[in-house]
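Reading through the structure tokens given below for one structure.
The values are calculated or read from the model by the stated rules, or taken from the named source; none is laboratory data. Values in this document were obtained by computation on a predicted structure and should not be read as measured data. Cβ atoms come from the backbone with ideal geometry, glycine included; neighbour counts cover every protein chain shown. When the accessible area is computed, the model is the full protein with side chains, heavy atoms only, and any ligands, DNA or RNA have been set aside. Shrake-Rupley method; radii C 1.70, N 1.55, O 1.52, S 1.80 Å.
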Amino acid sequence: MPSLKSFFSSSSSASSTPTAKPITEKKTVKEIPVSKKESSKMGCKCRSKKSEPVNEISVKEDSCCCSKQTAESSSTCCGSKNKESDSDDNNDSLVISSHPEHPANLICEFCKLFYNNGWVTGTGGGISVKKDDNIYLAPSGVQKERMLPTNIFVMSMNSKEYIRKPLNLKPSACTPLFMAAYTMRNAGACIHTHSQNAVMCTLLFDKVFEISSIEQIKALPKITEPGNMWYSDKLIIPIIENTEREEELETSLRKAIEEYPSATAVLVRRHGIYVWGETVWKAKIYNEAIDYLLELAVKMKQMGIPTVKEN
Ligand SMILES: CSC[C@@H](O)[C@@H](O)C(=O)COP(=O)(O)O
Ligand SMILES: [Zn+2]
């Protein structure tokens, strides 16, 4: 099996990996497209409105992607702006690949894994992966563990416009948050979970989560200098306040990223956590290591043990 490094450094399609099992979702996914004629009747060219559930992936009622389009602008409609997404196959080739480490395949695989950990459950949480100029994003409001590669959105990092948009789904509300990790930290992937360990720690700590002198800390990067943290280093993760809508977190998340240059994660009070890394695998490792430390911290607090060890 080719390595992630070889895949991510290659711009060619994964069809060049004949040993991998082909993915056939293109045939099995029943998408119910809204025709261009119908969409113009809606007063908006966005075709994500008035759509039906697909493969039991539910679509939020009255959803229209126009309300929250590109990651950094809320005024455009992806369906009407993007010629590629009007093509007959809706750029399916961007998400259908036999390569197991294609971002669309990895997003589906990780969401299943994260669901089993209780991190993305009841449609909460999500993940985004970057490959070359393309940002791959799980859709909004769906059972994330049941997603298929054909449910994945693709945005151009360069133009910040969708170059692939499933006809019956809407973009994740987490998109502006993921984009902050890409643009401010040059991340290769960003994971958002609703882990109860994360939520509990936001109730037990005030402005920042802190822990030191635990072996698992060594799995985390220093960020401001090369290499990983040491056992006795203090891990600090900023905590921002939750908002009614996910996308409204963007300003405070960006501020926290600026104020804590060593952070590879931001906790959201009573909500969850965003964790990013320079590759998808690093993001996964950091998320796992951090969740381990969050869980441990809850237990330490219960036992009255300080999470930061005094020398
Ligand atoms: C249980 S709904 C949770 C959402 O509002 C949000 O917090 C979230 O994590 C997922 O947003 P989504 O738009 O489905 O990608
Ligand atoms: Zn969330």
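Numbers for the structure displayed
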read-out: Relative contact order computed over segment 191-302 (Cα-Cα under 8 Å; 6+ residues apart), in percent; value: 36
read-out: Farthest toward positive dipole pole in segment 191-302 [+1 Lys/Arg, -1 Asp/Glu at C-beta], among M229, I191, L296; value: L296
read-out: Cα centroid of segment 226-299 to Cα centroid of segment 107-171, whole Å; value: 20
read-out: Relative contact order, percent, segment 105-217 [alpha-carbon distance under 8 Å, six or more residues apart]; value: 26
read-out: Heavy-atom accessible surface of segment 191-302: percent carbon and sulfur, 1.4 Å; value: 50
read-out: Residue-level accessible surface for E248, protein heavy atoms, 1.4 Å, Å²; value: 90
